[in-house]
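What follows is one structure encoded as structure tokens, with my remarks underneath.
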Amino acid sequence: MFEATSKSRVFTIPPGCDFSQVLAQGVMQRMGSMPPEELARVTIYVNSRRSERKLHEAFATSGPRLLPQ
């Protein structure tokens, strides 16, 4: 997903935003110029089943593509 660099890759989501929606949009924005199969190499860890469901919904409603497992 990222090219090798010495820069820090820390991303933030402002308080009060829908975390799952903003995260899904950010991932898709960063993956936009890459082939679709590169999305399959991305791993996202969340701390609860509720977060997993919400993130799954966010990816599912953002258009046709590979769905997360």
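The values are calculated or read from the model by the stated rules, or taken from the named source; none is laboratory data. Note that the structure is predicted; figures quoted are calculated from it, not measured. Heads up, the Cβs are rebuilt from the backbone with ideal geometry, glycines too, and the neighbour counts pull from every protein chain shown. Areas reflect the complete protein model, heavy atoms only, side chains present, ligands, DNA and RNA absent. Shrake-Rupley method; radii C 1.70, N 1.55, O 1.52, S 1.80 Å.
Quick notes
- Out of Ser48, Ser20, Ser6, sole residue that is free of Cβ contacts under 8 Å to residues at least 60 places away in the same chain, over 24 Å from Pro64 (Cα atoms) and open to solvent by less than 50 Å² (accessible area, probe 1.4 Å): Ser48
- Scanning segment 23-45 for residues that are farther than 17 Å from Ala60 by Cβ, in contact (Cβ under 8 Å) with a residue 24 or more places away in the chain and assigned to a loop (DSSP other than H, G, I, E, B) returns a single hit, Met34.
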